[in-house]
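The structure appears below as structure tokens.
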Amino acid sequence: MGADGVSLGGYQFEQRHGKSRVRVARVWKDASGHHYFVEWSVNISLLSDCLAAYTRGDNSDLVATDTMKNTVYVKAKECGDQVSAEDFAILLANHFTSFYKQVTAAIVNIVEKPWERVVIDGELHKHGFKLGSEKHTTEVIVHKSGSLQVTSGIEGLSVLKTTQSGFEGFIRDKYTALPETRERMLATEVSASWRYPYDSLSGIPSKPHYFNERYLDIKRSLMETFFGSPKEGVYSPSVQSTLLQMARNVLNSFPDVASIKLKMPNIHFLPVNLSSKNNQIVKFNDDVYMPTDEPHGSIEASLSRIHSKM
Ligand SMILES: O=c1[nH]c(=O)c2[nH]c(=O)[nH]c2[nH]1
């Protein structure tokens, strides 16, 4: 954002304004009576030439944040066909940069609530949904020139496996108490964000459900790598190793992903051993654990194709 700064009384000044957490839900209906439903929380941030509002109390170049909020509902209404969070973010960001001469760039973030169609008596319900857990996110940046950047992600993908995980060979010194193990629980809450390679609207595939399909593909790939096959699983020598394998498999499988960042906290389940003075009450045998939220390990990394812009 440095390029958007201006010199002001001998200081460097940067500003943006927008509306946060604009909540909107949209229903689409098809000819056979199936309803499609999304719920979004939209953040808009505009970079614009409105310096006078700060320096002189002159608001004549300001897009009111209330107007930004209204625009979300107007554009949701105008989307006659089902769109992904990415499509909607692109459409909004594009609107702000093209409709207002003052706006030089728009940043739109969307978090989609995980409403999933329910299955009743083995059949997909036409208009019934239940809330799932992990969330689909996106961030779109559009500049006035038309150049664009699309990043999507998953938040809150909680996964756990009860075996096929260990941690050995780490540095041992006078501060180290952790025993080495080839048998432990592995639990994490994956946050992933990946960058698409498109730098203009015309580069984006016109396939209707492209972004939603890619989101599901990437989620599936991350989970398959974390868990391994249903019968054998796959051994994890560390969160670090599993994280890199997950990132690699996404880049290897999807040429349209330029880079991926993964955050994988190591959520500890502590072995329970209880003893009294002369009696062992509970001896841990990979069976009884104390679940914990904190402290947790924090492990994150990103993997990019060489020459990718993330
Ligand atoms: O997979 C792990 N990576 C670590 O860096 C680490 N550190 C630790 O105490 N346990 C673990 N486990």
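Mind listing whichever residues of the range 228-238 are loosely packed, with under 15 Cβ neighbours inside 10 Å and away from the ligand (no atom under 13 Å from the Cβ)? Can you show your working first?
Applying the first criterion (loosely packed, with under 15 Cβ neighbours inside 10 Å) to the range 228-238 yields 229-232, 235, 237.
Result: S229, P230, K231, E232.
Scanning the range 257-277 for residues that are within 13 Å of the ligand (Cβ to nearest atom) and assigned to a loop (DSSP other than H, G, I, E, B) turns up M264, P265, I267, H268.
Looking at T163, T225, which one is more than 19 Å from the chain's Cα centre (by Cα), polar (S, T, N, Q), more than 12 Å from the ligand (Cβ to nearest atom) and outside the structural domain of H95 (by the TED database)? Steps first, answer last, please.
Numbers: T225 fails: more than 19 Å from the chain's Cα centre (by Cα).
Just one listed residue meets the conditions, T163.
Considering (1) touching a Phe, Trp or Tyr at 6+ places or on another chain (Cβ under 6 Å); (2) loosely packed, with under 12 Cβ neighbours inside 10 Å, the lone condition that K277 does not fulfil carries the number (1). A single entry from S165, S145, S158 fulfils the requirement of being in contact (Cβ under 8 Å) with a residue 24 or more places away in the chain and surrounded by fewer than 17 Cβ atoms within 10 Å (Cβ to Cβ): S158. Taking first residues from the range 1-12 that are in a strand (DSSP E or B) and partners that are modelled with pLDDT of 95 or more, the Cβ contacts under 6 Å between residues at least 6 apart in sequence or on separate chains come to V6/F13.
Beta carbons closer than 9 Å, at least 6 apart along the sequence or on distinct chains, never pair a first residue in the range 259-273 that is modelled with pLDDT under 95 with a second that is surrounded by fewer than 19 Cβ atoms within 10 Å (Cβ to Cβ) and not acidic (D, E). Residues that are touching a residue at least 40 places away in the same chain (Cβ under 8 Å), in a helix (DSSP H, G or I) and closer than 20 Å to N266 by Cα within the range 214-236 comprise K219, L222, M223, F226, F227, listed in sequence order. For the range 239-256, the set of residues classified as of a type in the set (A, V, I, L, M, F, W, C), within 16 Å of the ligand (Cβ to nearest atom) and in contact with a helix residue (DSSP H, G or I) (Cβ under 8 Å, 6 or more places away or on another chain) consists of M246 only.
The values are calculated or read from the model by the stated rules, or taken from the named source; none is laboratory data. As the structure is a prediction and not an experimental result, all values here were calculated from the model. Note that each Cβ is placed from the backbone with ideal geometry, even for glycine, and that neighbours are counted across all protein chains shown.
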